[in-house]
Each structure stands twice: as structure tokens, then as C-alpha cells.
1. Taking N as the number of residues in the stretch 60-192, what value does Rg over Cα atoms divided by 2.2 N^0.38 Å take?
2. With every protein chain in place, what's the accessible area of Thr201 (1.4 Å probe, Å², nearest 10)?
3. For the stretch 138-212, which trypsin sites (Lys or Arg not before Pro) are in a loop by DSSP, counting at most 11 other Cβ atoms within 10 Å?
4. In whole percent, and with a 1.4 Å probe on the protein chains, what portion of the accessible area of the stretch 322-389 is carbon and sulfur?
5. If I ignore ligands, DNA and RNA and count only protein heavy atoms, how much of Cys308 is accessible to a 1.4 Å probe, in Å² to the nearest 10?
6. With the cut-off at 31 Å, tell me which of the pairs Lys135/Lys226; Lys135/Lys383; Lys55/Lys226; Lys55/Lys254; Lys55/Lys100 have Cα atoms farther apart than that.
7. Strictly greater than 14 Å: what percent of every Cα pair in the stretch 148-207 meets that?
8. Which value, in Å² rounded to 10, gives the accessible area of Ser99 with a 1.4 Å probe and all protein chains present?
Amino acid sequence: MTTVSTTAEAESPLPSPPCRQDVPATLCRFMTCPDLALAILIYAASSIGGVAIVKYLNYTFCFSSASVLAMLSRSTWVLALLLHAYLQVRYRIRIGISSKQLALYVVIAFGLSAVEGCNALSMAVLPGSWYALIKGSDVVFSMVLSCVCLQKRYPVEQVVAAGFIFGGISLVFVLGAPGPAVTHAQATAIASRNAANVTQTAAAWVCIAGALLNAFMTVVTEGVLKETLRMENERLLADCGASMVSGNNSPARKLLLSNAYAMWTTMLSFLVLIGAAASAGDLGHWPAPDPSCMDPSATSTAVAMGVCLTLVGLTRFAERLSKHYICVRDSAMTFSVVQAARRSSQVFVVALLFTELLPASLVAGTVCSSVGFLLHWHAGATKAAEAEGAAPHNVAR
């Protein structure tokens, strides 16, 4: 017999032990939910670590092959496939893919491949701190595209927040973008040479183009393709009799469908990137450090590079899973808080980790963007609180 939960029960996070009244609600959840705190730590470490690993490969081994880095970032489909198989065995179902879904996934995969290519190239050429700051522009682009394509309207506070974010990034361009530190000059020059002599200024614009395209893919997927994919998923789940994952708010259902989407899009994107790398002749040799930085024949060098290259994909997979867990375990609003803190701190963490230059322009731009991220989160939290207060709490019998 299937019981129907109330709307509030279906959308509310898992219960947590109470805190003292003087403790803020968000901090209370972190203190009383060790699993949530662990997920947040994993998300922060994997997100920042993904950039740090690429810059370590760049600075230590002078390795900067954008095509290889892009493929490794999309290699998470292997782990997603294993998780998909486990979930199907765990819940005794077999969920396939329809021709309509496959066609949509192919379109999405081409867009994601272009995004990954832009990210890999710009990450290899730019200082990690400068790259991290520019990546925050996707928030602004998402808002603008949502207004233009989906006719969405945002409160004044979020518009002001977007202005601060965009202003912070523009400030660095106007006052002067950070160049490479003396210790990183050789690695940066090699990265620029390997990327067809792309300058740091050009790489910054490539990064902005990647953020714009990523925002466009997100808006199109959420606003145009999401309903079609949802209907196809409903039909496939009904066909396979998935009673164990019934209910739109079932954590198992959310994980199954989210992982299936990630698996197919990353797999197809990986194949697109392999084709691009093969046409460019980048698959004819195993990734190796530049001889001017390290001896490529040394066993220790090969092992260290192999570990780092493997971690590129592992950190991306851990980042995605921990993000999903935070949203399901607590709420998307909690994740927005974590993401805002990560965006604000990543610039300084990467810069200090690799002793990159921190000119006044970068510091001022980061502070300005951080104010924008905080305002953006506050506006979203206020809107969510108002919606929750106005939501009906009728019990469906």
C-alpha cells in the first residue's frame, strides 16, 4: 500500500537534532549533521582540488594538454556507469534510454564538450586564482539568459548582486590582470605555446566564453529540455516497474535519474572530445611532462603524473556526488551558501597554495565579487523563505 506524503514532508530535509535558540539555523544543521558537514568538506576539497591538481600538473610537470585534461574531466562516466549498475541491482530495476533522450543527450554533449575545452585551455594558461575568479561570471550569464530566453524576473537585490560579480571581474581587466609568478614563468610560456600561442588575455576571454556557453547550456536544459527528459524518465520508470524508487521526492529516485543523466551526457561528451583530440593528433602519444621541466623517462615522474591525471576525474565525480547529497540531505539553498563560500575562498586558496601573484586588482575584484555572491545568496534565501511561508500544507489522503 502506497502512502502519499504531504508537500511539506516531501520537500523538507531529513530531520536533525535541535540546537540552542541562539545558534543560527544554517550553522545548527552543520553542527548536528556530521554527514552533511562531511559532504560539504568533500565538495569544497574536490572543487578546489580539481583546479589545484591541474595547476600542479602545469607548474610542476609543465603539462598543459587541453585536450587530454578535457577528456579526463569527462571520464567520470566510468564511475557513473558503475554507480548506475549498482543502483539498478540495489533496487532491482533496469532503466534504459529512449531514442528521444539519446538525441537530446547528444546535443547536450556537444555543448558540454565545447565548455570543457574552453575550461581546460584557460585553466592551463591562466593563473589558477584568475581562472577561479572568472568562472564566477556564469552566475551573471545565467541570470541574463534566463531573463532573455525564459522571461524570468529577478528581485532588485539579485540584479545588484550580478552587478557586483560582473564589476569585480571587470575591475581586474581594467586595473590589470595578474601575470605569472617568476617561478611559474616557464610553465606558463610552455602552456601558451602548446595552446597555439594563446596569450593570458586571450585565455581569459576563452574562459569567459566557456562560462557563457555553460550558462546557456544550463538555461536551455532547465527551461526547454527538462520537461521532455522528465516525461521520458517517468515513462521508462513506469515500464520497468520501479516501485522502489516511486515518488518524485524519493532520494533513491533522484540519485538514479541524476546519475543516469550525468552518465550519458559525460559519456557522449567524452566520445566527442576523443574525436576532437584524434583529429588534432593528440592521441598518438601518452601524456608526458615537458622535457625542459622534468625527465619524462623517470619512473617517479610517470607515477606522480599518473596519480594526478587520475585525480582529475575523481575530483569531478566527488564534486558532483557531494553536491547532489547536500541538496537532497538538506536543501539547494544550503548548497548555495556552500558554493558562495567556495567561490569566494578559492581564489585565495589556489593563489597561496602555489605562491601565485596576488596584485591589488585581483584582491579588489575578488572582494567585490564576493559581495555579489553573498547578496545573490541572501536574495535567494529570502525568496525561498517567502515561498515556504506561502506554501500550502494540506495532507493528500
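The values are calculated or read from the model by the stated rules, or taken from the named source; none is laboratory data. Worth saying up front: this structure is predicted, and the values here are computed from it rather than measured. Glycine also receives a Cβ, built like all others from the backbone with ideal geometry; neighbour counts cover every protein chain displayed. These accessible areas exclude ligands, DNA and RNA; they are computed on the full protein's heavy atoms, side chains included. Shrake-Rupley method; radii C 1.70, N 1.55, O 1.52, S 1.80 Å.
1. On the way: Rg = 20.1 Å, N = 133, 2.2 N^0.38 = 14.1 Å.
That ratio works out to 1.42.
2. In the full protein context, Thr201 sits at about 90 Å².
3. Within the stretch 138-212, the qualifying trypsin sites (Lys or Arg not before Pro) (loop, at most 11 other Cβ atoms within 10 Å) are Arg153.
4. Values: 2210 of 3050 Å².
So the carbon and sulfur contribution to the accessible surface is 73 percent.
5. Only protein atoms counted, so the area is about 20 Å².
6. Working: Lys135/Lys226 24 Å; Lys135/Lys383 25 Å; Lys55/Lys226 35 Å; Lys55/Lys254 34 Å; Lys55/Lys100 39 Å.
From Lys135/Lys226; Lys135/Lys383; Lys55/Lys226; Lys55/Lys254; Lys55/Lys100, over 31 Å: Lys55/Lys226; Lys55/Lys254; Lys55/Lys100.
7. Numbers: 1246 of 1770 pairs.
Percentage above 14 Å: 70.
8. 100 Å²
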